[in-house]
Amino acid sequence: MAPKKQPYVCRGCHRVVDGESCVMCGSSNLTQDWAGYLVIIDPKHSDIAKKMNVDTPGRVALKVR
Ligand SMILES: [Zn+2]
């Protein structure tokens, strides 16, 4: 097993990205310099999702530098 690589996070919307560009906003402005993420399962019923302006399920980084 290879060591797990830090995934990229979109600088625009803080979404954790699996590929080379953000699936949410199409940006390729990504960074690996982030810490902690939140899993949004039900954005419509999540106060944190609302606070972070997230309206689709997924992983969102908490701190992006
Ligand atoms: Zn994005």
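For the stretch 29-45, the candidate set comprises residues that are loosely packed, with under 14 Cβ neighbours inside 10 Å and farther than 15 Å from residue 63 by Cα; within that set, the residue that is nearest to the ligand (Cβ to nearest atom) is 29.
Residues that are β-branched (Val, Ile, Thr) and over 14 Å from residue 33 (Cβ atoms) within the stretch 1-22 are absent altogether.
Selection of the stretch 49-60 for residues being assigned to a strand (DSSP E or B) and open to solvent by 40 Å² or more (accessible area, probe 1.4 Å) yields only 59.
Per-residue answers, yes or no, for (1) within 16 Å of the ligand (Cβ to nearest atom); (2) of a type outside the set (S, T, N, Q); (3) open to solvent by less than 100 Å² (accessible area, probe 1.4 Å); (4) in contact with a helix residue (DSSP H, G or I) (Cβ under 7 Å, 6 or more places away or on another chain):
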site: 8; (1), (2), (3), (4): yes, yes, yes, no
site: 13; (1), (2), (3), (4): yes, yes, yes, no
site: 18; (1), (2), (3), (4): yes, yes, no, no
site: 22; (1), (2), (3), (4): yes, yes, yes, no
site: 47; (1), (2), (3), (4): no, yes, no, no
site: 62; (1), (2), (3), (4): yes, yes, yes, no
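The values are calculated or read from the model by the stated rules, or taken from the named source; none is laboratory data. Just so it is clear, the model here is predicted, and its values are computed rather than measured. In this analysis, Cβ positions are derived from the backbone assuming ideal geometry, glycine residues included, and neighbour counts consider all displayed protein chains. These area figures cover heavy atoms from the full protein model, side chains too; ligands, DNA and RNA do not enter into them. Shrake-Rupley method; radii C 1.70, N 1.55, O 1.52, S 1.80 Å.
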